[in-house]
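The values are calculated or read from the model by the stated rules, or taken from the named source; none is laboratory data. All of these numbers come straight from a predicted model, not from anything done at the bench. Positions of Cβ are backbone-derived with ideal geometry, glycine not excepted, and every protein chain shown enters the neighbour counts. Surface areas here come from the heavy atoms of the whole protein model, side chains and all, with no ligands, DNA or RNA. Shrake-Rupley method; radii C 1.70, N 1.55, O 1.52, S 1.80 Å.
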Amino acid sequence: MFDVVSIGAATVDIFVKSDALTATPDIIGLTPSSKNEINSSLICSGGGATNSSVAFSRLGLKSACVSLIGHSYLNNYIIDDLKREKVSDKFICSNKKDTTDFSVILVSKDGRRSILTNRGKSGLTDKNFRWSQLKSIKWFYITSLEGNLDLLEKIIGFAKENQIRLSLNPGNRELARRRRLISLLKYVDFLLLNRHEAETLLDLSFSDADFFNQLHSLKSSLIAVTDGRQGAYLIDRNQQYFSPIINTTPVDETGAGDSFGSAFVAATIYRQPPQEALFWAIKNSASVVTRLGAKAGLLTLKQIKS
């Protein structure tokens, strides 16, 4: 039996960090025709499913991920990383007619980043699921499904039928179909959004006086909204919490959301109260941004409790 199975993307991430990358609130860029030095680089597995499943494993949980990869040498980065981190790859499917997705992530001196993604035919369908082997899972941690709300609805139905709890961090393509997505959120135990995603979902500005009332109306049991370096909010059916960030020197902000959400769910599995789960989430994301890549800074259970 797995404690948690992550569902979503598995990619290869190519990180390039350079002091030559200029960063403003609106743009990350390089001077045209310039030749610049790379300060540090990294090639590793990425995507919401692998990032979160490794986070769960580091926190002492038995984890696996459901993802679709292509047929190329890039697969080794994904499978080898998962095996090294004691994450099961038994639910990963391969599309032999396409290559594995990869991203080039440009990271500026202050840790801000822009991501360029080469996305193949990696979108999951219900045919990629070994449904009969997933009935005894405790939690599903669902990341982007590339807009496939039919699949999301089927996962939700399967989870409710088999008493599996649900966490959801929707991607941009799911949010683009906000009305149908909202109709499904009442079945979600933990909904994770960043500020921009929450504004898109609600079609409402964060500064609007009715913003948090509208979040409550979504009827997910627990809702977290991260606001970057401003901290994070947690809303349950009876109370609202806020936590500032832990001051760190950011190296790379990639994976902050995945580390936040997975630590929160892990704390919930360990029967921690919501406020303590929020602290675990903040602490894990603060650690991740101090290292290049979305996995290197993930905390162990001993570290997150200390």
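Cross-linked pairs Lys62/Lys138; Lys17/Lys83; Lys138/Lys305; Lys283/Lys305; Lys86/Lys295; Lys86/Lys305: Cα-Cα separations exceed 18 Å for Lys17/Lys83; Lys138/Lys305; Lys86/Lys305.
Highest mobility in the GNM of the chain, judged by mean-square fluctuation with C-alpha springs under 10 Å and restricted to Val54, Val16, Val107, is found for Val16.
Positive-end ranking of Asn162, Thr99, Leu152 along the dipole of the chain, with charges on Cβ about the Cα centre, is headed by Asn162. Bridges between two residues of the chain, per DSSP, are antiparallel at a rate of about 45%. The distance from the alpha carbon centre of segment 1-73 to that of segment 174-221 is 26 Å, rounded to a whole number. Using the Cα centre of the chain as origin and beta-carbon charges of +1 (Lys, Arg) and -1 (Asp, Glu), tell me which of Leu234, Gly47, Leu68 is placed farthest towards the positive end of the dipole. Among Leu234, Gly47, Leu68, the one farthest towards the positive end of the dipole of the chain is Leu68. Among the chymotrypsin sites (Phe, Trp or Tyr not before Pro) in segment 201-232, those placed in a DSSP loop whose Cβ has at most 15 other Cβ atoms within 10 Å are Phe206. Computed over all pairs of different Cα atoms, the Kirkwood value for the hydrodynamic radius of the chain is 19.5 Å. So which chymotrypsin sites (Phe, Trp or Tyr not before Pro) in segment 26-128 are both in a DSSP loop and have at most 12 other Cβ atoms within 10 Å of their Cβ? Passing both the DSSP loop test and the Cβ count: Tyr73.
For Lys127, the lysines whose Cα falls under 19 Å of its own Cα, not counting residues fewer than eight places away in the same chain, are Lys90, Lys96, Lys97, Lys135, Lys154.
Based on C-alpha pairs under 8 angstrom that are at least 6 apart in sequence, the chain has a relative contact order of 17 percent. In a simple Cβ point-charge model (Lys, Arg +1; Asp, Glu -1; nothing else charged), segment 132-250 has a dipole of about 380 debye relative to its Cα centre. Think of each Lys and Arg Cβ as +1 and each Asp and Glu Cβ as -1; about the Cα centre, that makes the dipole of segment 74-207 roughly 220 debye.
Counting only protein heavy atoms, what percent of the accessible surface of the chain is carbon or sulfur at a 1.4 Å probe?
So the carbon and sulfur contribution to the accessible surface is 48 percent.
Placing +1 on the Cβ of every Lys and Arg and -1 on the Cβ of every Asp and Glu, with nothing else charged, gives the chain a dipole about its Cα centre of roughly 880 debye. Counting only protein heavy atoms and a 1.4 Å probe, the chain has 47 square angstrom of accessible area per residue. If you take all other residues with their beta carbon under 13 Å from the beta carbon of Lys109, and give Lys and Arg +1 and Asp and Glu -1, the sum is -2.
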